[in-house]
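The block underneath contains the structure these notes are about, expressed in structure tokens.
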């Protein structure tokens, strides 16, 4: 069960205040999809733990929406999402209705069960199949009076989130929204392109999951807990990753990943409304 901490951030530890200030400061340097992903993983995730962030904007009443997906799950960010809109549109529309019924206030749902939303999707819908594993969802929205459009953010996590701070959330979200608005969308009205980090072509899906947690600064013990594997298995995965990447340490692996992710391979997708974030 979520415990909401409503005390002022003034009462928070100094280290927490410093991290919050640094998180907000670093948002000013987001210019590209990869910048946004990196900022999410290194800073935002410390305050809002999540595996997947789905952003939707447009006219929710008419169902005319566009999406961005920022994910640390290889099965989501590496697929071409050729049928993505058919899956994501009903999901975000349903969450928007819940947000609207909550007086436009953010809400959190633990023990989140996707099927309870009454969505009609088939086992062939790859994205929904992956999202079925999510256990919590945090939904935050904005209304844009000038453009008469709305924006909704859904943070999905495969683990239960036990505590968050409403003051930290309220401080970060306007900057997250501003940062994403600075990121240029992929071209519309033509075949859109989905970025795939070249490193992920060299390693397995499980190794990619381990590498993503390494990038987040997690220890072998934490990685083992996240992936439900032993510490020795984590070490074996790391050995294979180092060998395939041609490196010999965690720091070298992270550095090479970040370097190669700036020049991602582009693959074609038929969908022009969903964009996965580079190096996600």
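Coordinate-derived values only; no laboratory data. Computed from a predicted model, the values in this text were never measured in an experiment. So basically every Cβ, Gly included, is an ideal-geometry build from the backbone, and we count neighbours across all protein chains shown.
Label positions at residue 64 and residue 113, each projected 7 Å from the Cα along the C-beta direction, are separated by 3.7 nm. With each label modelled as a point 7 angstrom along the Cα→C-beta vector, the residue 255-residue 206 pair spans 3.0 nm. Shown for 155, 34, 107: other C-beta atoms within 10 Å of each C-beta, ranked fewest to most, produce the order 107, 34, 155. Residue separation of residue 18 and residue 132 scaled by 0.36 nm, minus their Cα-Cα distance, works out to 37.5 nm of gained length. Shown is the FRET efficiency for residue 31 and residue 230, computed with R0 = 41 Å from the Cβ-Cβ distance and rounded to the nearest 0.05: 0.50. Sorted on the mean count of surrounding Cβ atoms within 10 Å across their residues, most packed first, peptides 40-47, 25-32 read 40-47, 25-32. Extension gain for residue 219 to residue 166 (0.36 nm times residue separation, less C-alpha to C-alpha distance): 16.3 nm.
Taking the average, over residues, of other Cβ atoms within 10 Å as the packing measure, peptides 112-119, 238-245 rank 238-245, 112-119 from highest down.
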